[in-house]
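Some notes on the structure that comes next.
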Amino acid sequence: MQPSDSITKVKSKAYRLIKPHQIIEATIEHEVSDRQVVVEPSMGSICHADLRYYSGNRRPEALERKLPMALIHEGIGT
């Protein structure tokens, strides 16, 4: 960021997979400069890889390394 950038704080909602079959809703606050774009999601989806984490169909060491993780990271918005 440049020294002249102004910072705005925005809150977003995330659905976090903390272990297979267990999702929590979390509110996350982000700092956004005037050089960044904020996108408001209108539709989201869970990809095949996320389904493997949700169902526990990954190696235990992969689950340990990746969780908690945010789901619904693919989508569209304005």
Legend entry - Mean separation of Cα contacts under 8 Å (6+ apart) over length of the chain, as relative contact order %: 37 percent
Inset, instruction - Quote to one decimal, in nm, the extra length available between residue 36 and residue 69 on full extension: 0.36 nm per residue of separation minus the C-alpha distance between them. - result: 9.6 nm
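Go through the chain and name the trypsin sites (Lys or Arg not before Pro) that are in a DSSP coil and have 11 or fewer other Cβ atoms within 10 Å of their Cβ. Present the calculation step by step, with values, prior to reporting the outcome.
Numbers: sites: 9, 11, 13, 16, 35, 52, 58, 65, 66; in loops: 35, 58.
Here the trypsin sites (Lys or Arg not before Pro) that fit, given the DSSP loop and packing criteria, are 35.
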Inset, instruction - List, in order, the whole-Hz ³J(HN,Hα) value for each residue of region 47-59 obtained from phi through the Karplus relation with A = 6.51, B = -1.76, C = 1.60 and θ = phi - 60°; use x for Gly and Pro. - result: 7, 4, 4, 4, 4, 5, 5, 4, 7, x, 8, 10, 4
Inset, instruction - Please list, in chain and number order, the residues 5+ apart from residue 72 or on another chain whose amide H is under 5 Å from its amide H, with Hs placed from the backbone. - result: 47
Inset, instruction - In whole Hz, with x marking every Gly and Pro, tabulate ³J(HN,Hα) for region 65-75 from phi via Karplus 6.51 cos²θ - 1.76 cosθ + 1.60, θ = phi - 60°. - result: 6, 8, 8, x, 9, 7, 8, 6, 9, 10, x
Inset, instruction - Would you work out the charge dipole size for the chain about its Cα centre, treating the Cβ of every Lys and Arg as +1 and the Cβ of every Asp and Glu as -1, and quote it to the nearest 20 debye? - result: 380 debye
Legend entry - Of 39, 17, 56, farthest towards positive along the dipole that unit charges on Lys, Arg, Asp, Glu beta carbons give the chain: 56
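No value in this document is a laboratory result; all are computed from the given coordinates. Just so it is clear, the model here is predicted, and its values are computed rather than measured. Neighbour counts are summed over all protein chains in view; Cβ atoms, including those assigned to glycine, are modelled from backbone coordinates with ideal geometry.
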